[in-house]
1. For helix 87-98, report the angle its Cα long axis makes with the longest principal axis of the Cα atoms of the chain; keep it between 0 and 90° and round to the nearest 10°.
2. What relative contact order, as a whole-number percentage, does the chain give when Cα pairs under 8 Å and 6 or more residues apart are counted?
3. How much of the accessible area of the chain, in percent, comes from carbon and sulfur atoms when a 1.4 Å probe is used?
4. Taking log10 I(q)/I(0) by the Debye sum over Cα atoms at q = 0.14, 0.22 Å⁻¹ straight from the coordinates, which label in (1) -0.59, -1.12; (2) -0.67, -1.06; (3) -0.52, -1.20 is the correct one?
5. Cβ neighbours within 10 Å, averaged per peptide: list 61-71, 30-40 in order, most packed at the top.
6. State the extension gain, in nm to one decimal, for the chain segment bounded by Q87 and H64, taking 0.36 nm per residue of separation less the distance between their alpha-carbons.
7. Which whole-number value in Å² is the accessible area per residue of the chain, probe 1.4 Å?
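The values are calculated or read from the model by the stated rules, or taken from the named source; none is laboratory data. No experiment lies behind these values; they were computed from the predicted model shown. Heads up, the Cβs are rebuilt from the backbone with ideal geometry, glycines too, and the neighbour counts pull from every protein chain shown. Only protein heavy atoms, including side chains, enter the accessible area calculation; ligands, DNA and RNA are left aside. Shrake-Rupley method; radii C 1.70, N 1.55, O 1.52, S 1.80 Å.
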Amino acid sequence: MNQHRVDPPSITAHAVSFGEDTLIVRLSDDRQLSVPLEWFPRLRHATAEQRQNWRLITRGIGIHWPDVDEDIAVEDLLLGRPSGESQASLRRWLAGRAE
């Protein structure tokens, strides 16, 4: 099986924004990636304020949203990998938010 790897230090995130149904990440090479929020259910369920509370981690190879406990690696975005969170885990997280 062929596995492609992206050299993490070479391409990093610099900025994050959101469209109506998209996560938009500006990269160090001036590209902009746009992926559906459906790929990251915790961000989809987050408020606009929670989505805006993000920080770069490990010099930009990832992005962290502390309010929803979400981490996304730039490599995963580049390779088109959505969240790997199970439905059971997401249900528990959503139930905890409702309490």
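1. 60
2. Computed over the chain, the figure is 22 percent.
3. Within the chain, the accessible surface is 47 percent carbon and sulfur.
4. After the calculation, the listed value that fits is (3).
5. Details: 61-71: 16.5, 30-40: 14.0.
The most tightly packed comes first, giving 61-71, 30-40.
6. Working: separation 23, 0.36 × 23 = 8.28 nm, distance 2.05 nm.
Answer, rounded to one decimal: 6.2 nm.
7. Using a 1.4 Å probe on heavy atoms only, each residue of the chain averages 63 Å².
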